[in-house]
Amino acid sequence: MPIFISHTTQDDALARRVYSRLKINHNIDCYIDDMDKELASKRGTSQLTQLLVDRLRRCDTVLAVVSSNTKNSWWVPFEIGTAREMPRIITSFTSLPDRLSYTAQECLPEYLLEWPRFRSDSDIDLFARQYKQKSLILESGRVKIAGAHAGLQDVRNFEANVMKSLGQRNF
């Protein structure tokens with residue numbers, strides 16, 4: 001199933017770069033809302049939320065593109081929160097540093113420190129290899145890993161393994 005790339009409109013170019021890396025270099029299907037004609041027709045209507053939730057259900061992973069622009073987005077945190085409750089694998093692509101203490105410096109929000117954070121193309125490549133190795137697919141609304149239904153703990157274990165490979169820890 002596709003990877004849902006969550007992003008704010010101001011980061012369209014960066015989201016498309018991530019999309020291209022996954023699709024072209026690794027042959028992994030991805031979903032970006034600005035390529036969805038049906039979703040475009042629902043903008044400004046009460047049907048938009050349900051359609052986005054439906055699109056999230058069709059994906060097994062959410063990759064949030066996070067920049068300083070994201071703090072002005074209503075939808076990126078909504079999509080991450082919805083994915084967390086489904087459960088879905090959650091990752092982010094960002095150049096923002098981890099928040100290690102309270103500083104005036106712009107940092108990644110604390111809630112995103114729970115999941116793998118990609119900061120380079122090589123991080124995306126590492127994830128893509130692990131993603132394909134685990135044969136993650138969506139089946140009947142539940143994530144399925146290597147032939148067995150996965151629950152929340154299986155999803156979190158996969159995320160923890162990716163974080164370990166990236167040399168990251170869960171704060």
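The values are calculated or read from the model by the stated rules, or taken from the named source; none is laboratory data. Model, not experiment: these values are computed from the prediction. Note that each Cβ is placed from the backbone with ideal geometry, even for glycine, and that neighbours are counted across all protein chains shown. With ligands, DNA and RNA removed, areas are computed over all heavy atoms of the protein, side chains included. Shrake-Rupley method; radii C 1.70, N 1.55, O 1.52, S 1.80 Å.
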Legend entry - Residue in the range 139-156 that is crowded, with 19+ Cβ neighbours inside 10 Å and modelled with pLDDT of 85 or more present: yes
Legend entry - Restricting the range 3-21 to residues that are surrounded by 13 or more Cβ atoms within 10 Å (Cβ to Cβ) and among the small types (Gly, Ala, Ser), the residue that is nearest to the chain's Cα centre (by Cα): 6
Legend entry - Cross-chain or 6+ apart pairs with Cβ under 9 Å, the range 85-100 first and without any contact (Cβ under 8 Å) to a residue 24 or more places away in the chain, then among the charged types (D, E, K, R) and assigned to a loop (DSSP other than H, G, I, E, B): 97/106
Legend entry - Subset of the range 37-52 that is modelled with pLDDT of 85 or more and surrounded by 15 or more Cβ atoms within 10 Å (Cβ to Cβ) - its residue that is farthest from residue 124 (Cα to Cα): 48
Inset, instruction - Return the only residue of 32, 28, 24 being out of contact with any Gly (no Cβ under 8 Å at 6 or more places or on another chain) and open to solvent by 30 Å² or more (accessible area, probe 1.4 Å). - result: 24
Legend entry - Complete set of residues in the range 82-104 that are modelled with pLDDT under 90 and out of contact with any Leu (no Cβ under 9 Å at 6 or more places or on another chain): 100, 101, 102, 103, 104
Inset, instruction - Look at the range 105-131 and say how many of its residues are out of contact with any helix residue (DSSP H, G or I) (no Cβ under 7 Å at 6 or more places or on another chain), at pLDDT below 95 and closer than 19 Å to residue 25 by Cα. - result: 2
Legend entry - Sole residue being charged (D, E, K, R) and open to solvent by 20 Å² or more (accessible area, probe 1.4 Å), chosen from 117, 88, 57: 57
